[in-house]
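Visitor: Quick one: structure below, then a few questions.
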Amino acid sequence: MSKKDMDRRKKFILELMGDPIYQPMRLREISSLLRLSKEEKRELYDVLDELCEEGKVSVDRKGRYEKVKGKWKKKKDDRYYDDRREEYGSEYGRKKKDKNKKDKNKKEQPEGIQAEGTFIGHPKGFGFVEIEGQDEDIFIPESDTGTAMHQDKVRIIIRDDKKEGKRQEGVVVKVLERGMPEIVGTYQLNRDFGFVISDNPKFSKDIFIPRKEAAGIKNGDKVIAVITDYGSGNKNPEGKIKENLGNIRTPGTDILAIVKRFGIPSEFPEKVMKQAQRVPDHVLDADRDGRLDLRHLQTVTIDGEDAKDLDDAISLTKEGDIYHLGVHIADVSNYVQYNSALDREALKRGTSVYLADRVVPMLPERLSNGICSLNQGEDRLALSCLMDINEKGKVVSHQIAETVINVNERMCYTDVKNILEDTDEEAKKRYDALIPMFFMMKELSGILRNSRHHRGSIDFDFPESKIILNAAGKAIDVKPYEANVATKIIEDFMLMANETVAQEYCTEEIPFVYRTHDNPDPEKVESLLTLLHNQGVKIQKAKEEITPKEIQQIIESIEGLPNEAMISRLVLRSMKQARYSTECTGHFGLAAKYYTHFTSPIRRYPDLQIHRIIKESLKGGVKERREEHYGQILPGVAAQTSALERRADEAERETGKLKKCEYMSRFIGQSFDGVISGVTNWGLYVELPNTVEGLVRIGELRDDYYIFDEHNYQLTGELTKKTYKLGQPIRVEVSGADKLTRTVDFLLSRDEGALTGSDR
């Protein structure tokens with residue numbers, strides 16, 4: 001585009017935005033208004049970019065453009081500036097106010113009880129304070145947040161004047177500790193200064209960046225900003241750019257920003273990599289000494305097609321009515337010694353993180369994909385759980401041993417599934433020698449699953465999302481990824497091994513790390529039962545506390561109903577999070593008295609930690625001095641790895657939401673059939689068959705005034721009496737997909753017509 005064309009288009013855009021009827025719009029909305037082609041849309045972006053750099057146009061955190069307010073003045077150096085700059089002063093920062101000047105609007109400190117907790121921000125400026133040991137958070141109005149920001153440790157005063165039916169309110173009186181000294185966000189240039197708009201919507205304040213602190217940073221770059229001044233009153237926090245992650249349009253930058261935002265280490269320190277290089281790439285003869293040689297067993301790995309870190313292998317034979325199941329787990333602890341650089345880094349990471357376009361591993365690839373991976377045809381060291389299981393699914397005897405194995409075949413779930421379902425003749429020919437074992441696996445898997453079901457194990461069968469990316473990292477498809485017969489086989493065998501190992505070490509009272517899942521909160525259970533009753537699901541508790549069997553009955557009673565998936569999610573939300581603990585308190589969801597994580601030491605640190613204890617126990621027992629050592633370190637390991645697991649889960653969810661938004665942005669204006677997955681006082685959540693969930697805002701239901709019924713999870717029209725409720729089929733139109741807020745917006749489809757609500 002020539003300079004003349006650029007100037008002409010900039011003038012046109014400024015005139016458009018200067019029109020009194022103009023409302024801030026996103027790029028796609030402006031291009032739609034002007035009916036631009038794809039090429040013209042790209043040119044429009046360049047025009048808007050230049051206007052932003054010149055300070056004539058601004059863009060908010062939702063990507064909406066507007067003309068900068070205020071009267072433009074011409075300075076001696078012929079540069080233009082906005083009246084708003086008076087708030088910020090020169091190019092080196094904001095106008096400094098007299099420190100001694102008293103704030104006329106300063107409020108008197110309210111009366112009430114002092115408390116300390118963690119401030120949780122909200123995009124609209126207000127927040128909540130979580131106080132340890134207190135069920136209900138304290139609401140902090142925007143005017144009373146002070147300089148508190150998301151994750152800060154704060155001291156508050158809880159107001160005495162609590163209103164009936166309202167949440168307890170408080171005032172932040174002091175920030176005790178800053179929770180987020182660094183912010184990941186998007187840099188927005190505003191002529192002589194810039195801002196970083198946080199990717200975390202809970203961090204509601206933009207970070208002011210003086211021009212001298214943003215050398216080489218361009219508008220739209222993803223950056224890490226260090227906060228140097230937390231501001232006060234109306235003064236924004238100030239910071240400097242620590243790292244430029246790249247332009248948002250560069251492939252992979254969006255997900256790298258999520259990795260950085262959650263503080264997930266993406267690079268291994270040099271010391272760790274050097275140590276990894278010293279690890280041998282094959283099994284040494286000395287390492288075989290004293291191990292049980294199981295290389296004669298017919299052994300396979302069964303994983304996803306793309307998996308490279310293969311940490312579990314299976315062997316299975318049968319004599320009479322006894323199945324001999326071997327679950328062979330990579331002996332990672334042989335190569336990662338306690339308190340080595342490798343070990344400390346693994347504990348720091350806690351778990352591998354699986355994102356849409358990458359895996360952030362717990363261990364360097366030389367180990368995870370090399371010597372620790374149970375690769376086909378290569379001798380590997382393992383820690384094996386050898387179980388004898390009867391036809392009722394009971395382990396009648398077992399042995400845990402250090403072993404040497406050699407995997408006969410690297411199988412994938414798809415091939416095993418196709419063999420068992422008789423749908424792939426080519427696969428059947430190729431793996432002919434293994435077919436009897438696969439059918440025996442299916443048989444034993446069914447027995448184990450039935451046994452767990454009989455005792456009350458809860459099976460939430462939600463389809464996971466599979467997001468397909470192209471070479472440029474763009475989402476080109478989103479579809480459900482459901483479990484099949486092969487994935488269930490591996491799941492059943494791993495669960496059995498985990499239970500067997502946990503039972504042995506809990507019985508022996510050796511310090512250990514268990515995977516525990518506490519009973520649901522009684523209040524949440526009562527709320528759930530009330531909701532289910534209103535949904536037509538009648539479940540009665542036999543005792544005060546609900547049992548896994550009763551939860552199982554709920555899941556079974558809704559099977560096949562339109563609202564099955566929605567109610568299942570509500571049931572899941574009523575339950576507590578599983579965690580790591582040194583106490584063997586059982587697993588509610590599995591209805592298991594004993595449970596641990598033993599089967600994934602390549603990607604989970606607790607598994608690696610208990611492998612060391614198991615091996616020490618096998619080699620002569622855990623001595624008193626060692627028991628004291630483990631007693632000291634294991635509570636910290638359990639707490640830290642539980643927290644790191646939650647961090648990984650959050651990052652994975654964020655990545656999924658981001659890529660789903662990216663994918664759905666291709667379908668603006670198109671209609672889809674979906675199901676109402678959530679009902680709130682602000683609208684309807686609708687889930688599409690591809691697992692994408694979006695919101696129909698209540699303001700968009702324009703045919704009536706709708707009232708939210710929280711007991712029945714439905715919206716009811718005041719005049720028409722139309723209802724929108726959980727599980728109801730509905731047709732929607734995609735109206736927006738915002739990558740910044742990770743939200744998809746729907747409207748009721750135009751062809752929904754009279755087939756909405758209770759009229760169906």
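The values are calculated or read from the model by the stated rules, or taken from the named source; none is laboratory data. Just so it is clear, the model here is predicted, and its values are computed rather than measured. Positions of Cβ are backbone-derived with ideal geometry, glycine not excepted, and every protein chain shown enters the neighbour counts.
Visitor: Got a sec? Which strands (runs of 3 or more DSSP E) wholly within region 357-445 have at least 3 residues that are in contact with a Ser or Thr (Cβ under 6 Å, 6 or more places away or on another chain), modelled with pLDDT of 95 or more and in the same structural domain as LYS318 (by TED's automatic domain parsing)?
Guide: Numbers: elements: 379-389, 395-406, 409-412.
It comes to 379-389, 395-406.
Visitor: Modelled with pLDDT of 80 or more, under 30 Å from GLU443 (Cα atoms) and not in a helix (DSSP H, G or I): is that true of THR487 in this structure?
Guide: Values: modelled with pLDDT of 80 or more: yes; under 30 Å from GLU443 (Cα atoms): yes; not in a helix (DSSP H, G or I): no.
Taking the combined requirement at face value, the residue does not satisfy it.
Visitor: Would it be correct to say that TYR230 is within 19 Å of GLU142 (Cα to Cα) and not polar (S, T, N, Q)? Let's see the steps before the verdict.
Guide: Values: within 19 Å of GLU142 (Cα to Cα): yes; not polar (S, T, N, Q): yes.
Yes, satisfied.
Visitor: While we're here: Being in a loop (DSSP other than H, G, I, E, B), surrounded by 19 or more Cβ atoms within 10 Å (Cβ to Cβ) and either in contact (Cβ under 8 Å) with a residue 24 or more places away in the chain or in the same structural domain as LEU386 (by TED's automatic domain parsing) (or both) narrows it down to one residue among LEU310, LEU342, LEU316; which is it?
Guide: Working: LEU342 fails: in a loop (DSSP other than H, G, I, E, B); LEU316 fails: in a loop (DSSP other than H, G, I, E, B).
Checking each option against the conditions leaves just LEU310.
Visitor: I would also like to ask the following. Every residue in region 345-356 that is surrounded by fewer than 21 Cβ atoms within 10 Å (Cβ to Cβ) and either outside the structural domain of ASN470 (by TED's automatic domain parsing) or of a type in the set (Lys, Arg) (or both), please.
Guide: LYS348, the sole residue that qualifies.
Visitor: Within 24 Å of LEU528 (Cα to Cα), of a type outside the set (S, T, N, Q), crowded, with 19+ Cβ neighbours inside 10 Å and in contact (Cβ under 8 Å) with a residue 40 or more places away in the chain: is that true of VAL696 in this structure? It would help to see each step written out before you state the result.
Guide: Working: within 24 Å of LEU528 (Cα to Cα): no; of a type outside the set (S, T, N, Q): yes; crowded, with 19+ Cβ neighbours inside 10 Å: yes; in contact (Cβ under 8 Å) with a residue 40 or more places away in the chain: yes.
Judged against the criteria, VAL696 is not a match.
Visitor: Further, regarding this structure: Looking only at region 495-539, which residues are of a type in the set (D, E, K, R), modelled with pLDDT under 90 and part of a helix (DSSP H, G or I)?
Guide: Initially, region 495-539 is screened for residues of a type in the set (D, E, K, R), giving 499, 504, 508-509, 515, 518, 521, 523-524, 526, 538.
From the residues that got through so far, the ones that are modelled with pLDDT under 90 too are 508-509, 521, 523-524, 526, 538.
Passing the criteria: GLU523, LYS524, GLU526.
Visitor: For region 555-602, which residues satisfy the criterion of being of a type in the set (D, E, K, R) and either farther than 19 Å from THR641 by Cβ or touching a helix residue (DSSP H, G or I) at 6+ places or on another chain (Cβ under 6 Å) (or both)? Walk me through how you get there before you give the answer.
Guide: First, the residues of region 555-602 that are of a type in the set (D, E, K, R): 556, 559, 564, 569, 573, 576, 579, 583, 593.
Residues satisfying the conditions are GLU556, GLU559, GLU564, ARG569, ARG573, ARG579, LYS593.
Visitor: So, in region 672-693, exactly how many residues are in contact (Cβ under 8 Å) with a residue 60 or more places away in the chain and either of a type in the set (Val, Ile, Thr) or not assigned by TED's automatic domain parsing to the domain that holds ARG742 (or both)?
Guide: 5
Visitor: Tell me which residues, restricted to region 245-260, are under 17 Å from PHE195 (Cβ atoms) and buried (at least 17 other Cβ atoms within 10 Å of the Cβ).
Guide: Residues of region 245-260 that are under 17 Å from PHE195 (Cβ atoms), as a first pass: 245, 247-248, 257.
Passing the criteria: LEU245, ALA257.
Visitor: Kindly list, by first and then second residue, each pair from a residue in region 738-757 that is part of a strand (DSSP E or B) to a residue that is at pLDDT below 85 and surrounded by fewer than 17 Cβ atoms within 10 Å (Cβ to Cβ), limited to pairs with Cβ atoms under 8 Å and residues at least 6 apart or on different chains.
Guide: Correct list of pairs: ASP738/LYS62.
Visitor: Any idea how many residues of region 256-301 are in contact with a helix residue (DSSP H, G or I) (Cβ under 7 Å, 6 or more places away or on another chain) and of a type in the set (Ser, Thr, Tyr)?
Guide: Final tally of qualifying residues: 1.
Visitor: So, one more: Could you please let me know if LYS174 is charged (D, E, K, R), more than 19 Å from ALA148 (Cβ to Cβ), touching a strand residue (DSSP E or B) at 6+ places or on another chain (Cβ under 7 Å) and modelled with pLDDT of 90 or more?
Guide: On the way: charged (D, E, K, R): yes; more than 19 Å from ALA148 (Cβ to Cβ): no; touching a strand residue (DSSP E or B) at 6+ places or on another chain (Cβ under 7 Å): yes; modelled with pLDDT of 90 or more: yes.
So LYS174 does not fit the description; no.
Visitor: Out of everything in region 270-302 that is farther than 15 Å from VAL336 by Cβ and among the basic types (Lys, Arg), what residue ends up being modelled with the lowest pLDDT?
Guide: ARG288
Visitor: Could you tell me which residue of region 332-356 is nearest to the chain's Cα centre (by Cα), considering only residues that are β-branched (Val, Ile, Thr) and under 30 Å from ILE467 (Cα atoms)?
Guide: VAL353
Visitor: Taking the condition of being small (Gly, Ala, Ser) and surrounded by 14 or more Cβ atoms within 10 Å (Cβ to Cβ), how many residues in region 592-643 meet it? Full working, then the answer.
Guide: From region 592-643, those small (Gly, Ala, Ser) are 592, 600, 617, 620-621, 631, 636, 638-639, 642-643; that's our starting set.
So of that shortlist, the ones also surrounded by 14 or more Cβ atoms within 10 Å (Cβ to Cβ) come out as 592, 600, 617, 638-639, 642.
Matching residues across region 592-643 total 6.
Visitor: Here's a follow-up. Condition first: surrounded by 13 or more Cβ atoms within 10 Å (Cβ to Cβ), at pLDDT 80 or above, within 30 Å of GLY736 (Cα to Cα) and of a type in the set (Val, Ile, Thr). Can you find one or more residues in region 131-149 that meet it?
Guide: no
Visitor: Pick from region 209-248 the residues that are touching a Pro at 6+ places or on another chain (Cβ under 7 Å) and either hydroxyl-bearing (Ser, Thr, Tyr) or in a strand (DSSP E or B) (or both): which of them is modelled with the lowest pLDDT?
Guide: Restricting attention to region 209-248, the residues satisfying the condition of being touching a Pro at 6+ places or on another chain (Cβ under 7 Å) are 226-227, 229-231.
Restricting the remaining residues to those that are either hydroxyl-bearing (Ser, Thr, Tyr) or in a strand (DSSP E or B) (or both) gives 226-227, 229-230.
Values: VAL226: 94, ILE227: 93, ASP229: 90, TYR230: 87.
Applying the filter and picking the extreme gives TYR230.
Visitor: Could I ask something else about it? GLY678 - would you say it is small (Gly, Ala, Ser), surrounded by fewer than 17 Cβ atoms within 10 Å (Cβ to Cβ) and part of a loop (DSSP other than H, G, I, E, B)?
Guide: Working: small (Gly, Ala, Ser): yes; surrounded by fewer than 17 Cβ atoms within 10 Å (Cβ to Cβ): yes; part of a loop (DSSP other than H, G, I, E, B): no.
Judged against the criteria, GLY678 is not a match.
Visitor: Given the options LYS218, LYS222, name the one that is among the basic types (Lys, Arg), surrounded by 19 or more Cβ atoms within 10 Å (Cβ to Cβ) and not assigned by TED's automatic domain parsing to the domain that holds ASN369. Before you say what the answer is, go through the steps one by one.
Guide: Values: LYS218 fails: surrounded by 19 or more Cβ atoms within 10 Å (Cβ to Cβ).
Result of the check over LYS218, LYS222: LYS222.
Visitor: Now for a separate question. Given the criteria out of contact with any Cys (no Cβ under 6 Å at 6 or more places or on another chain), under 24 Å from ILE546 (Cα atoms) and among the basic types (Lys, Arg), does ARG449 qualify?
Guide: On the way: out of contact with any Cys (no Cβ under 6 Å at 6 or more places or on another chain): yes; under 24 Å from ILE546 (Cα atoms): yes; among the basic types (Lys, Arg): yes.
For ARG449, the condition - out of contact with any Cys (no Cβ under 6 Å at 6 or more places or on another chain), under 24 Å from ILE546 (Cα atoms) and among the basic types (Lys, Arg) - is met.
Visitor: Can you tell me which residue is nearest to VAL57 (Cα to Cα) among those in region 1-26 that are modelled with pLDDT under 80 and in contact with a helix residue (DSSP H, G or I) (Cβ under 8 Å, 6 or more places away or on another chain)?
Guide: Checked region 1-26; the qualifying residue nearest to VAL57 (Cα to Cα) is TYR22.
Visitor: Another question about this same structure. If a residue has to be within 30 Å of ALA401 (Cβ to Cβ) and exposed (fewer than 14 other Cβ atoms within 10 Å of the Cβ) to count, how many in region 505-556 make the cut?
Guide: First pass over region 505-556, keeping only residues within 30 Å of ALA401 (Cβ to Cβ): 505-517.
Now narrow it down to the ones that are exposed (fewer than 14 other Cβ atoms within 10 Å of the Cβ): 507-509.
Residues flagged as within 30 Å of ALA401 (Cβ to Cβ) and exposed (fewer than 14 other Cβ atoms within 10 Å of the Cβ) within region 505-556 amount to 3.
Visitor: Kindly indicate whether any position in region 689-698 is farther than 30 Å from ILE248 by Cα and touching a Ser or Thr at 6+ places or on another chain (Cβ under 6 Å). So that I can check it myself, show each step before the final result.
Guide: Going through region 689-698, the residues farther than 30 Å from ILE248 by Cα turn out to be 698.
Checking the rest, the ones that are also touching a Ser or Thr at 6+ places or on another chain (Cβ under 6 Å) come to none.
No, there is no match, as no residue in region 689-698 is farther than 30 Å from ILE248 by Cα and touching a Ser or Thr at 6+ places or on another chain (Cβ under 6 Å).
Visitor: With over 30 Å from ARG249 (Cα atoms), under 29 Å from the mean Cα position of the chain (by Cα) and without any contact (Cβ under 8 Å) to a residue 40 or more places away in the chain as the only criterion, which of VAL154, VAL129, VAL175 stands out? Show your work before the answer.
Guide: Numbers: VAL129 fails: without any contact (Cβ under 8 Å) to a residue 40 or more places away in the chain; VAL175 fails: without any contact (Cβ under 8 Å) to a residue 40 or more places away in the chain.
After ruling out the rest, the residue left standing is VAL154.
Visitor: Among the residues of region 391-419, which ones are surrounded by fewer than 19 Cβ atoms within 10 Å (Cβ to Cβ) and closer than 27 Å to ILE610 by Cα?
Guide: Passing the criteria: LYS394, VAL395, VAL396, SER397, HIS398, GLN399, ALA401, ARG410.
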